[in-house]
Structure formats: C-alpha cells, structure tokens
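As structure tokens, the structure follows; a few thoughts come after it.
Read the figures in this text as sums done on the coordinates, not as results from a lab. If you're wondering where the values come from, they're calculated on a predicted model, not measured in any experiment. FYI the Cβ positions are ideal-geometry reconstructions off the backbone, even for glycines, and counts take in every protein chain you see.
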Amino acid sequence: MLYIVSHTHAGLDCPGKDPDQMKELASKFSQDNLSNKSVKLLDVFVDQSCMLQTKKEHLCLFVVDANSSSVLSELFAPMHVEVRPMIRWQNFPSKPQEQHN
C-alpha cells in the first residue's frame, strides 16, 4: 500500500545540523534496512528551509510502499510522523489539456 509520511521539526532542531543524526537517518533508510522491513522508499521531498537552515518550521514528506503503517511508525521512530494511506488517482491528467481555438 502507498503511504505519505510527513514529519515537521523546528529549524533549531533540524537533524541536518547534526552529523550523528544524519548518519543514523542514513542507516535507517539504507536499502538493506528498508528491504528487511519490506518498505520501498519511492520519493522524498524536503522543505527548502531545511536545506537553507532557516529558523522556521521544516517539513519533510516521504512517499513509501509498505505492508502496514505500523512498520512505518517503527522505522521513523523516534521522529514524530503522520502516516496516511494513499491511493493513486488513476485518471488524473498529468499535463494541462491543450486548448484549441
């Protein structure tokens, strides 16, 4: 099943500032660890403020394929995350329709 996992944190608490936290995250999201949990990380979106290290709240979104939401809560711990099951909108137009005059 597809899930969107969202995580927010204060700019002052950004893991990007701490090399040890970044190593821990890299280990959590390694192919080996994800495979062991039957999780596929399909895409990740990181708020630009996270990259610029501004002081405002940062948002990160993860698009994942997993068997259950419980494995995702465990995978992302101790980060506080919101996990939402998603379905693909099959007939959503991927490009704007051409207008004919």
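Label positions at residue 34 and residue 51, each projected 7 Å from the Cα along the C-beta direction, are separated by 1.9 nm. Each residue of the range 35-50 is assigned a 3J(HN,Hα), and the resulting list reads 4, 4, 9, 6, 10, 10, 8, 8, 6, 9, 10, 10, 3, 4, 5, 5 Hz, derived from the Karplus form 6.51 cos²θ - 1.76 cosθ + 1.60 (θ = phi - 60°), x at Gly and Pro.
Charge tally for residue 72 (other residues, Cβ to Cβ under 12 Å; Lys, Arg +1; Asp, Glu -1): +1.
Ranking of 79, 1 by neighbouring Cβ atoms within 10 Å, starting from the fewest: 1, 79. Say R0 is 22 Å: what FRET efficiency, to the nearest 0.05, do residue 43 and residue 12 get from their beta-carbon distance? Rounded to the nearest 0.05, the efficiency is 0.25. Near residue 59, once Lys and Arg are set to +1 and Asp and Glu to -1 for all other residues with Cβ below 12 Å from its Cβ, the sum equals -2. In this simple spin-label model, placing a label point 7 Å from the Cα along the Cα-to-Cβ direction at both residue 82 and residue 20 gives a separation of 3.1 nm. As a proxy for reagent exposure, 56, 37 were ordered by neighbouring Cβ count within 10 angstrom, fewest first; the result is 56, 37. Just need log10 I(q)/I(0) for the range 2-86 at q = 0.25 Å⁻¹, Debye formula, equal scatterers on the alpha-carbon atoms, no solvent, rounded to two decimals. So the normalised log intensities work out to -1.34. Between residue 91 and residue 2, the simple spin-label model (points 7 angstrom out along Cα→Cβ) gives 1.7 nm. Couplings 3J(HN,Hα) for the range 58-68, derived from phi with the Karplus relation 6.51 cos²θ - 1.76 cosθ + 1.60 (θ = phi - 60°), are 9, 10, 10, 10, 10, 9, 10, 10, 8, 6, 7 Hz, where x marks Gly and Pro. With neighbours defined as other Cβ atoms within 10 Å of a residue's Cβ, the residues 80, 9 order from fewest to most as 80, 9. Neighbours of residue 6 by Cβ distance under 9 Å: Lys/Arg scored +1, Asp/Glu scored -1, total 0.
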